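Report on one structure; see the data block that follows.
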Amino acid sequence: MNKLLVFILLMLHAPAVFSQNELTHEVYFDTDKFDIIPTEESRLLLFISNLADIDIASISIFGFCDDIGAVSYNLKLSQQRANAIKTVFSNNEISEDLISNVDGKGKILLKIVEEKNLAKIRGLNRKVEIIVKPKPPKIVEVKEEKKAEEPKKKDAPEILKGDLKVGDKVVFENILFKTGYSQIMPESKKPLEAIANVLVERKDIYFTIQGHVCCTQNSRDAVDRKTKLRNLSEARAEYIYNYFIKKGVDKKRMRHLGLRRKFPLGGDPKLDRRVEIVITYVGK
């Protein structure tokens with residue numbers, strides 16, 4: 001690693017800027033390169049992980065180059081850098097519908113600085129700027145009129161205790177996953193344990209555990225940040241499969257399958273980071 005890169009990384013070790021109105025992050029590149037170096041990718045993934053609990057309005061991605069090189073070359077390279085960042089967002093379950101701009105802006109002109117600092121300034125100009133705008137907080141109206149109470153929706157354990165037939169699908173609505181990972185959120189541990197307890201008792205049903213991801217382009221699978229493999233939907237299904245085995249469910253009654261993003265629910269993206277089971281056999 002060259003001295004310039006070390007200098008940049010030391011300067012940028014601080015976390016990304018999170019202001020009340022928008023969130024910003026910058027990714028830096030080597031000279032004439034648009035592939036992301038590992039240290040910068042790690043910083044970017046940390047930034048993305050911090051977006052999990054934010055209601056995003058839009059994401060803008062702008063690529064830049066230093067002032068060396070032809071105009072046409074810099075425009076192309078800056079666009080390639082912006083595209084590379086967009087790909088990382090897509091691979092990590094950030095919906096491309098939220099990305100409003102992916103633009104290569106070309107070179108950044110040097111400001112008046114001491115000549116000995118030119119190399120450092122150029123290094124800071126070889127970058128991509130990311131701007132994330134959150135949605136404004138929702139204003140909730142409080143109405144005095146009481147609405148008729150809707151029938152309580154059955155949760156997964158209740159459904160599994162009832163009458164089931166081959167082909168029935170049971171969505172684990174309360175089993176949510178962290179963006180980019182196969183591990184469940186802390187608040188999902190008790191609901192998953194309740195489901196496992198029912199399945200231990202119901203030895204008459206066999207089923208397939210189906211894993212899903214959100215926000216990837218077309219039906220591609222997302223990247224599991226822990227293993228770096230593009231099999232996140234399968235990893236989520238396997239996580240639940242292994243959990244059920246530990247809780248006492250006979251593995252002969254189960255199989256697991258990753259369905260990528262073939263079946264989005266059409267609502268909140270976090271609900272697409274899910275697992276569900278499909279009943280394949282019901283004993284008499």
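Hey, does segment 178-193 have a residue that's assigned by TED's automatic domain parsing to the domain that holds Phe62, modelled with pLDDT of 80 or more and of a type in the set (S, T, N, Q)? So far as segment 178-193 goes, no, none of its residues is assigned by TED's automatic domain parsing to the domain that holds Phe62, modelled with pLDDT of 80 or more and of a type in the set (S, T, N, Q). Checking segment 73-93 against the condition returns a match, with at least one residue being under 12 Å from the mean Cα position of the chain (by Cα), touching a residue at least 24 places away in the same chain (Cβ under 8 Å) and under 26 Å from Lys120 (Cβ atoms).
For segment 236-276, filtered to residues that are within 30 Å of Leu98 (Cβ to Cβ) and among the β-branched types (Val, Ile, Thr), the residue that is modelled with the highest pLDDT is Ile240. With respect to the conditions (1) outside any helix (DSSP H, G or I); (2) closer than 26 Å to Tyr281 by Cβ; (3) touching an Asp or Glu at 6+ places or on another chain (Cβ under 8 Å), Tyr181 falls short on a single one, namely (2). Scanning segment 180-201 turns up one or more residues that are in contact with a strand residue (DSSP E or B) (Cβ under 9 Å, 6 or more places away or on another chain), of a type in the set (S, T, N, Q) and surrounded by fewer than 20 Cβ atoms within 10 Å (Cβ to Cβ).
Evaluate the following for Ile61: is it closer than 17 Å to Val132 by Cα and in contact with a strand residue (DSSP E or B) (Cβ under 7 Å, 6 or more places away or on another chain)? Judged against the criteria, Ile61 is a match.
The values are calculated or read from the model by the stated rules, or taken from the named source; none is laboratory data. Since the structure is predicted, the reported quantities are computational estimates derived from the model, not experimental observations. Heads up, the Cβs are rebuilt from the backbone with ideal geometry, glycines too, and the neighbour counts pull from every protein chain shown.
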